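The values are calculated or read from the model by the stated rules, or taken from the named source; none is laboratory data. The structure presented is a predicted model; accordingly, all values stated were derived computationally and were not measured. As a convention, Cβ positions derive from the backbone with ideal geometry for all residues, glycine included, and neighbour counts pool all protein chains shown. When the accessible area is computed, the model is the full protein with side chains, heavy atoms only, and any ligands, DNA or RNA have been set aside. Shrake-Rupley method; radii C 1.70, N 1.55, O 1.52, S 1.80 Å.
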Amino acid sequence: MVKLVGILNVTPDSFSDGGQFFDSESAFAQANKLFRDGADIVDVGAESTRPGATPLTPDEEWSRLEKIIQRLVKEYPEKISIDTYHPSTAARALKLGDVIINDVTGLSDPKMVELITTVKARCVVGHLPGGTPQTAHDGPLVDDMRQVVSDLLNKAAELEKRGLPGSNIILDPGIGFGKTLELNRQLLEFAREVPGYAVMVGYSRKRFLGDNRMEPEPNLEAGRTAIGAGAAYLRVHDVAGHRQLLR
């Protein structure tokens with residue numbers, strides 16, 4: 001059964017909803033709405049990953065997250081994901097409860113690998129060509145599916161070698177991060193390339209969907225493609241629309 005991961009940006013500058021849920025009360029209300037709409041998991045992020053966004057220090061990031069995470073892990077145990085690439089933020093969140101760590105940099109920091117494998121946390125391993133999310137487009141764009149497959153399978157093998165169960169690993173091909181538009185389209189079907197691993201696909205409102213990317217239909221069409229390819233998780237803004245699609 002495909003699971004829906006609702007996006008909750010606790011940021012002032014995310015590309016589609018920056019500032020809407022920046023304070024903890026509005027963020028909590030939005031999380032409740034996402035669950036009512038049919039989310040299986042809510043993914044909470046405090047740092048915008050759009051090109052050119054200002055990176056946060058770990059302490060700045062946690063100051064935005066702490067109150068909302070404390071409330072959500074009590075209200076929705078085992079259904080909260082944290083979008084972070086800072087090991088200290090991940091460690092603080094894991095002390096509050098059983099959360100999923102969603103690292104768009106693919107656990108590039110050895111300290112994050114150590115943390116995840118030590119506590120046997122559930123994790124999303126994203127694909128990022130290099131650098132940071134904000135600078136992923138500064139270098140040559142990746143245009144080969146084989147590179148994404150190889151990079152993610154190598155990271156998964158490393159994690160399993162260090163004792164993390166494969167069932168705790170979710171692979172995310174990183175649509176929109178340092179890749180050509182054509183490869184982004186191909187990555188909707190990434191799940192076909194990595195049998196044996198759960199795959200999360202995050203295409204929601206991204207530029208490769210075209211000029212109407214903020215409208216429901218391009219997003220739902222991308223969802224249909226990802227579901228057909230065997231994706232286990234869809235990371236989306238429009239939870240209600242995608243729940244109807246799954247029905």
The range 146-179, residues that are open to solvent by less than 40 Å² (accessible area, probe 1.4 Å), among the aliphatic types (A, V, I, L, M) and in a helix (DSSP H, G or I): V148, V149, L152, A156, L159
Contacts under 6 angstrom Cβ, first residue in the range 120-132 being assigned to a loop (DSSP other than H, G, I, E, B), partner of a type in the set (F, W, Y), 6 or more apart: L128/F177
Could you list, in sequence order, the residues of the range 107-141 that are open to solvent by 10 Å² or more (accessible area, probe 1.4 Å) and either among the aliphatic types (A, V, I, L, M) or under 16 Å from the mean Cα position of the chain (by Cα) (or both)? S108, L115, V119, R122, L128, P129, T132, Q134, L141
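Table: residues versus (1) open to solvent by 30 Å² or more (accessible area, probe 1.4 Å); (2) in a loop (DSSP other than H, G, I, E, B).
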site: F208; (1), (2): no, no
site: M214; (1), (2): yes, yes
site: E221; (1), (2): yes, no
site: R224; (1), (2): yes, no
site: G228; (1), (2): yes, no
site: A231; (1), (2): no, yes
site: R235; (1), (2): yes, no
site: G241; (1), (2): no, no
Tabulated pairs, the range 64-79, first of a type in the set (D, E, K, R), second part of a helix (DSSP H, G or I), C-beta under 6 angstrom, 6+ apart or interchain: K67/S24; R71/F28
Could you grab me the full set of residues in the range 180-206 that are open to solvent by 10 Å² or more (accessible area, probe 1.4 Å), aliphatic (A, V, I, L, M) and without any contact (Cβ under 8 Å) to a residue 40 or more places away in the chain? L181, A198
Taking the range 84-96 and the residues there that are touching a Ser or Thr at 6+ places or on another chain (Cβ under 8 Å) and open to solvent by less than 40 Å² (accessible area, probe 1.4 Å), the one that is nearest to I170 (Cα to Cα) would be A90
When the residues of the range 27-64 are narrowed to those that are of a type in the set (V, I, T) and out of contact with any Gly (no Cβ under 9 Å at 6 or more places or on another chain), which ends up modelled with the highest pLDDT? V44
Suppose we filter V73, V99 for residues that are open to solvent by less than 70 Å² (accessible area, probe 1.4 Å), touching a Gly at 6+ places or on another chain (Cβ under 9 Å) and of a type in the set (A, V, I, L, M, F, W, C); which single one remains? V73
Would the range 81-91 turn up any residue that is β-branched (V, I, T) and in a loop (DSSP other than H, G, I, E, B)? yes
